[in-house]
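Chemist: Below you will find the structure I want to go over with you.
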Amino acid sequence: MNFLLKPLRVIYVIYAAATFLGIMFLILPPIFLASLLGRQKGGNIIFYFLRFWAHTWFPLVGMWVTRKYLCERDNEPCIYVVNHRSYLDAAIAVKVMRLPFRPLGKVEMSKIPFFGFIYKNSVVPVDRSSAAARARSVREMMTALKAGISILVFPEGTTNDTDQPLRPFHNGAFRMAIELQKPIKPVLYLDAGHRLPHKGPMHISPGKCRVVFLPPIPVTGMTLDDINTLKQQVFDAMDTELRKYHKYPTLQPIG
């Protein structure tokens, strides 16, 4: 049976890649023009073209993205904190997050031909090898928030390839939330790791991509001394909800 499925999988992967690239090249010219309008105004316009790409590509490859809200929907700028299981996560974000927003992304991705141009004009790039570069990224995110643009952060810092729901969180998103007194809105991508797992692009598959919006976590009155408390509060909320949808090995106590 596997010898029959393998050719079908190869055909599907080629088809998914071809449609991905085809739509990307289609939106490159208007994205280039929008980029001339500056990082804020131009960046906001670029996301509408990216949303067109996502709304087109996901149905074409047989992935249906659904949203579930465990909170009231509002349009206030915030800091989205999202679990990170797959390279598909960025595409899902473009499809489901309220516009305008900016994700925090690795600067290395901007070096990819063609895609890199779109990437560097639609994210806040961060170079974690340089303290000065990290500080510039934080300042850019703060400027965006003050302009009413939400920020999306993957607080694990990298894709999670462990057998647990989450990796430990970094401090950046929580420090920024406290300094600007903006709420944290946790969001869960439940199935991205199954649709495009770490095994590689040959394992991409059609199916569901569920997104769950958790209740916002306010930071009113918190100070920088409360970073660890806030970080743990968000981690626990996301970890608890993730365990309702998938089974994970139980962590054994140390000692």
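Chemist: Quick check on region 84-130: take the gyration tensor over C-alpha atoms, sort the square-rooted eigenvalues as a ≥ b ≥ c, and tell me if it's rounded (a/c under 1.5), prolate or oblate.
Modeler: prolate
Chemist: For the chain, what does -39500 (n - 2.57) per DSSP helix run (n ≥ 4), summed and divided by total residues, give at 222 nm, in deg cm²/dmol to the nearest 500?
Modeler: Numbers: 8 runs with 113 residues, N = 255.
The helix contribution divided over the chain gives -14500 deg cm²/dmol.
Chemist: Hey, fewest Cβ within 10 Å first, where do C71, C78 land in order?
Modeler: Listing C71, C78 from fewest to most nearby Cβ atoms yields C71, C78.
Chemist: Give a residue-ordered list of calculated ³J(HN,Hα) values for region 111-120 (Karplus: 6.51 cos²θ - 1.76 cosθ + 1.60, θ = phi - 60°; whole Hz; x for Gly, Pro).
Modeler: 8, 6, x, 6, 4, x, 5, 4, 4, 5
Chemist: Need one number: nm distance between label points at D74 and K208, each 7 Å from Cα along Cα→Cβ, rounded to one decimal.
Modeler: 3.0 nm
Chemist: Starting from region 31-78, pick out the chymotrypsin sites (Phe, Trp or Tyr not before Pro) whose DSSP state is loop and whose Cβ has at most 14 other Cβ atoms within 10 Å.
Modeler: Nothing satisfies the criteria.
Chemist: Can you give the net charge of the other residues whose Cβ lies under 15 Å from the Cβ of I204, counting K and R as +1 and D and E as -1? Kindly include the intermediate steps, with their values, before the conclusion.
Modeler: Working: positive: K6, R9, R85, R195, K199, K208; negative: D89, D191.
Net local charge, I204 excluded: +4.
Chemist: Hey, another quick one. What ratio of Cα Rg to 2.2 N^0.38 Å holds for the chain?
Modeler: Cα Rg divided by the expected 2.2 N^0.38 Å: 1.03.
Chemist: I would also like to ask the following. What ranking of L214, L188 emerges when the number of other C-beta atoms within 10 Å of each C-beta is taken as an exposure proxy, fewest first?
Modeler: Starting with the residue having the fewest Cβ neighbours, the order is L214, L188.
Chemist: If each residue of separation counts as 0.36 nm, what is the full-extension length gain between F114 and L8 once their alpha-carbon separation is subtracted?
Modeler: 35.3 nm
Chemist: When H55, H84, H246 are ordered from fewest to most other Cβ atoms inside 10 Å of their Cβ, what list results? Let's see the in-between values first.
Modeler: Numbers: H55 14, H84 20, H246 11.
Fewest to most other Cβ atoms nearby, the residues stand as H246, H55, H84.
Chemist: With the contact rule set at Cα under 8 Å and sequence spacing of 6 or more, what percent relative contact order holds for the chain? Present the calculation step by step, with values, prior to reporting the outcome.
Modeler: On the way: 369 pairs, mean separation 60.0, N = 255.
Relative contact order here is 24 percent.
Chemist: Here is a follow-up. Could you sort out which of K182/K247; K185/K244; K41/K68; K41/K95; K120/K182 sit more than 27 Å apart by Cα distance in this structure?
Modeler: K182/K247; K41/K68
Chemist: Something else now. Each residue of region 10-18 in order: what ³J(HN,Hα) in whole Hz does its phi give by Karplus 6.51 cos²θ - 1.76 cosθ + 1.60, θ = phi - 60°, with x for Gly and Pro?
Modeler: 4, 4, 5, 4, 4, 5, 4, 5, 5
Chemist: Measure off 7 Å from each Cα along the Cα-to-Cβ vector at R175 and L28, then give the distance between these two points in nanometres to one decimal.
Modeler: The modelled label-to-label distance comes out at 3.8 nm.
Chemist: If r is the Cβ-Cβ distance from A17 to K106 and R0 is 30 Å, what FRET efficiency results, to the nearest 0.05?
Modeler: Details: r = 21 Å, r/R0 = 0.70.
For A17 and K106, the calculated efficiency is 0.90.
Chemist: Continuing with the same structure: Given the C-alpha centroids of region 172-231 and region 137-162, what is the distance between them in whole angstrom?
Modeler: That distance is 10 Å.
Chemist: A further question follows. Through the Karplus equation 6.51 cos²θ - 1.76 cosθ + 1.60, θ set to phi - 60°, convert the phi angles of region 92-99 into ³J(HN,Hα) values in whole Hz; use x for Gly and Pro.
Modeler: Couplings: 5, 4, 4, 6, 10, 7, 5, 8 Hz.
Chemist: Region 116-179: D in µm²/s via Stokes-Einstein (Kirkwood Rh, Cα pairs, 10 °C, 1.306 mPa s)?
Modeler: In µm²/s, the coefficient rounds to 121.
Chemist: Something else about it: Find out how many positive minus negative residues lie around H194, taking Lys and Arg as positive, Asp and Glu as negative, among other residues whose Cβ is under 9 Å from that of H194.
Modeler: Around H194, the charge tally is +2.
Chemist: With a cap of 14 neighbouring Cβ atoms within 10 Å, and only residues DSSP puts in a loop, list the trypsin sites (Lys or Arg not before Pro) found in region 173-232. Present the calculation step by step, with values, prior to reporting the outcome.
Modeler: Working: sites: R175, R195, K199, K208, R210, K231; in loops: K199.
Here the sparse-neighbourhood loop sites are K199.
Chemist: Cα atoms only: what Rg and Dmax, in Å, come out for region 42-135?
Modeler: Values for region 42-135 (Cα only, Rg and Dmax): 14.4, 42 Å.
Chemist: Would you report the distance distribution of C-alpha pairs in region 158-255 as whole percents per 10 angstrom bin, up to the bin with the largest distance?
Modeler: That works out to 13, 38, 31, 15, 2, in percent per bin.
Bear in mind that the values in this text are calculations on the coordinates, not laboratory data. These numbers were taken from a predicted model, which means no experiment stands behind them. Here the Cβ is made from the backbone with ideal geometry for all residues, glycine too, and neighbour counts use every protein chain on show.
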